[in-house]
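The values are calculated or read from the model by the stated rules, or taken from the named source; none is laboratory data. Not measured: the values here are computed from a predicted model. Glycine also receives a Cβ, built like all others from the backbone with ideal geometry; neighbour counts cover every protein chain displayed. Please note that ligands, DNA and RNA were not included when accessible areas were found on the heavy atoms of the full protein model with its side chains. Shrake-Rupley method; radii C 1.70, N 1.55, O 1.52, S 1.80 Å.
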Amino acid sequence: MIVKGFKKVGKPTKAPADSGRKYRLYPTQLQAERLIQWGHTCRTVWNLALEQRIYVYKQRRENLRADEQCRYLTRARRDLDWIADLPSQAPQQVLKHLDRAFDNFWSHDHPAGFPRFKKRSSRLAIPLPGQAVRVTKLNRKWACVRIPKLGEVRFRLTRPIGGQIKAASIQRDGAGNWSVSFGVHTGRSAAPPNGQPPVGVDFGVKQAAYLSDEVAPRLMQQTLTKGERRRLAGLERRRERQIREAKRHRGGKYSNRLRRTLRAIADLKARQARRRADFTHKLTTDLAKSHGLVAIEDLRVKQMTRSAKGTPDEPGVHVSQKAGLNRAVLDNLPGERRRQLAYKCPAYGSKLVLVHPARTSQTCGACTLWDPASRISRDAFACTGCGHTDDADHNASVVILSRALRDQAGTPIAAGHCGEQHAPTGQIRPAMLRTRTERTREPLNPSFVTAQPLRDTEGCQESPQVTAGRMSKNKRVSGHRRDTPKLTP
């Protein structure tokens, strides 16, 4: 029988995971011990596969991939019982993750470096494909996941899964808490525009975020209370003392008291991380829900938080101050906020726009005049042209919003350097070293060296006092000339 109009189609494409779910896992003591063994086995497989790829490339100039290494893995499972104890899908997923790590390293649009070896103290993770696990709902608050060779493990059902499970990963954090993550295909498309007003956001250090349509900044509460900080400092001193005693009397072997100290420190660090993540999720969700366009700076966090210690031949200066600034910047999670806004804005009918960060803190939000002398202090801004005064961070958020609206009107925006996964709109700004005239940080006061005015690249007017080039180091102390009194607000 011949059916007319029949068109032969190829193999259907698999729908990828477009959303993630994470739940707290509660294994029994026996299950936890076996999961720990599996986690270290996955870490060993990663390190051996990476070492094999490096050796083969040095000897033969060939690049191994997961398909070829899986054949060696099959032989290893016949010879080594500790690898055979692992579910067969787990090491295969590890090799696929290693493939993706190398792909990111070879990609010019991704900032990832060369894959690294995993230490024993690293976070344990056991990856599994979606077809290897099965989830059963027990009641309104609890469910269980069936893991190969382990059986049913309960987890707290804090939210519905809401889709087809495509991948799963069992993880343990530094505090010893287990969690299970699912990559889920929900089939949800981007929401229609929500019709909310646009906003510019300036992420800072002293102030977590300043919105252009608000008169007060968003402040993140201390992630540790005063008593917790005091206890953490005492525990860290105790740890150093116990480590010295272990090296002196036991050849470096950790005692049970030292292990209890390390667990107590890990508990405080995990509590601090949970509080920080809670504030970040609440902030980004509110931004995506309440605004139709969210404009932020396209910051290069890795370059901003680079160490100032220098080299043995040319040691750096103010190393401890720069280290404290780096900790403060990373404590506010600017990269994580941007990552969350990248997927939350389309889900809530909003749009994320990334603008170039150069001169945003020294440009007037009222007359668009750029003059470094307008930034009279860390918190105050007073325009030298029109006399407009404002909080420095709020003025920067207004400038960010005006640039985003201008870019949306006609000029293509410069999107992120991390690739398309972090830049849903506009063009990708490739990861490359900045030139001297494209620096993102400017001195607080202008240089008085005579030179030609810079050509404006951001659509702003320039003060006639502003000159090209950097301020000479022999005439600058903390951004001020030696023969010029420090300006005060």
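Which of (1) open to solvent by 20 Å² or more (accessible area, probe 1.4 Å); (2) among the hydrophobic types (A, V, I, L, M, F, W, C); (3) farther than 26 Å from residue 31 by Cα is the odd one out, the single condition residue 84 does not satisfy?
Condition not satisfied by residue 84: (3).
Considering segment 296-306 alone, what residues qualify as being open to solvent by 70 Å² or more (accessible area, probe 1.4 Å) and in a loop (DSSP other than H, G, I, E, B)?
Across segment 296-306, the qualifying residue is only 306.
Might you let me know whether segment 205-223 holds any residue that is in contact with a strand residue (DSSP E or B) (Cβ under 7 Å, 6 or more places away or on another chain) and open to solvent by 50 Å² or more (accessible area, probe 1.4 Å)?
Yes, the conditions are met somewhere in segment 205-223.
Testing residue 114 on (1) open to solvent by 60 Å² or more (accessible area, probe 1.4 Å); (2) over 18 Å from residue 25 (Cα atoms); (3) out of contact with any Phe, Trp or Tyr (no Cβ under 6 Å at 6 or more places or on another chain); (4) of a type in the set (A, V, I, L, M, F, W, C), one condition comes back false. Which one is that?
Unmet for residue 114, out of (1) open to solvent by 60 Å² or more (accessible area, probe 1.4 Å); (2) over 18 Å from residue 25 (Cα atoms); (3) out of contact with any Phe, Trp or Tyr (no Cβ under 6 Å at 6 or more places or on another chain); (4) of a type in the set (A, V, I, L, M, F, W, C): (3).
Do you know which residues across segment 319-368 are open to solvent by 20 Å² or more (accessible area, probe 1.4 Å) and assigned to a strand (DSSP E or B)?
351
From the residues in segment 181-193 that are open to solvent by less than 50 Å² (accessible area, probe 1.4 Å) and modelled with pLDDT of 90 or more, which one is nearest to residue 332 (Cα to Cα)?
181
Among (1) more than 29 Å from residue 299 (Cβ to Cβ); (2) among the aliphatic types (A, V, I, L, M); (3) within 22 Å of the chain's Cα centre (by Cα), where does residue 246 come up short?
(3)
Residues being out of contact with any strand residue (DSSP E or B) (no Cβ under 7 Å at 6 or more places or on another chain) and at pLDDT 90 or above: count how many of those fall in segment 160-176.
1
Considering only segment 167-189, I want to know if a residue exists there that is within 30 Å of residue 394 (Cβ to Cβ) and of a type in the set (A, V, I, L, M).
The answer is no; no qualifying residue exists.
Can you name every residue in segment 224-254 that is open to solvent by 40 Å² or more (accessible area, probe 1.4 Å), over 30 Å from residue 287 (Cα atoms) and outside any helix (DSSP H, G or I)?
250, 251, 253, 254
Out of the residues in segment 259-290 that are more than 20 Å from residue 333 (Cβ to Cβ) and loosely packed, with under 15 Cβ neighbours inside 10 Å, which is nearest to the chain's Cα centre (by Cα)?
263
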